[in-house]
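Q: Encoded as structure tokens, here's the structure I'll be asking about.
Taken together, the values in this text are just the output of simple stated rules run on the coordinates, not laboratory data. Predicted model only: the values in this text are computed from it and were never measured. Quick reminder, even Gly has a Cβ in these numbers, built from the backbone with ideal geometry, and neighbours come from all protein chains shown.
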Amino acid sequence: MNIPKSVKTYCKKCKKHTEHRLKTFKPGAARAMSKGQRKHLKKTKHGYGGKFKFPIKPKKQTKKPTFIAECPVCHSKRYFVIPKRMKKAEIAAKE
Ligand SMILES: [Zn+2]
């Protein structure tokens, strides 16, 4: 699905609606000592108790597309999540 380059949305800093520009969101690297990782280490590296496996959950086939919206007035950024699951979402090249 094609998503428009700019979206008119509320800016918390300006306290009004402005034309935000959308950028692609790239998640950073996972933390080495996150809660889940610590739990995994505790269950696997400490003492006896055999192998520990996280319970298998069915993986979702689609994702909610996330972008970064930047306000042109104050240059503040925030997440812009489209609350609908879809396989592919791209920012339109032309408008
Ligand atoms: Zn603003």
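Q: Which condition from (1) farther than 27 Å from Gln37 by Cα; (2) touching a Ser or Thr at 6+ places or on another chain (Cβ under 7 Å) is the one that Phe67 breaks?
A: Of the numbered conditions (1) farther than 27 Å from Gln37 by Cα; (2) touching a Ser or Thr at 6+ places or on another chain (Cβ under 7 Å), the odd one out for Phe67 is (1).
Q: Since Arg21 meets every condition but one in (1) away from the ligand (no atom under 16 Å from the Cβ); (2) touching a residue at least 24 places away in the same chain (Cβ under 8 Å); (3) surrounded by 13 or more Cβ atoms within 10 Å (Cβ to Cβ), which condition does it not meet?
A: The one condition Arg21 does not meet is (1).
Q: So Phe54 fits all but one of (1) surrounded by 10 or more Cβ atoms within 10 Å (Cβ to Cβ); (2) aromatic (Phe, Trp, Tyr); (3) within 30 Å of Lys87 (Cβ to Cβ); what number is the exception?
A: Phe54 satisfies all of (1) surrounded by 10 or more Cβ atoms within 10 Å (Cβ to Cβ); (2) aromatic (Phe, Trp, Tyr); (3) within 30 Å of Lys87 (Cβ to Cβ) except (1).
Q: Right, next: Give me the pairs, please: first residue somewhere in segment 50-79 and farther than 22 Å from Lys12 by Cβ, second residue anywhere and polar (S, T, N, Q), beta-carbon distance under 7 Å, and either six or more positions apart or on two chains.
A: Phe52/Thr44
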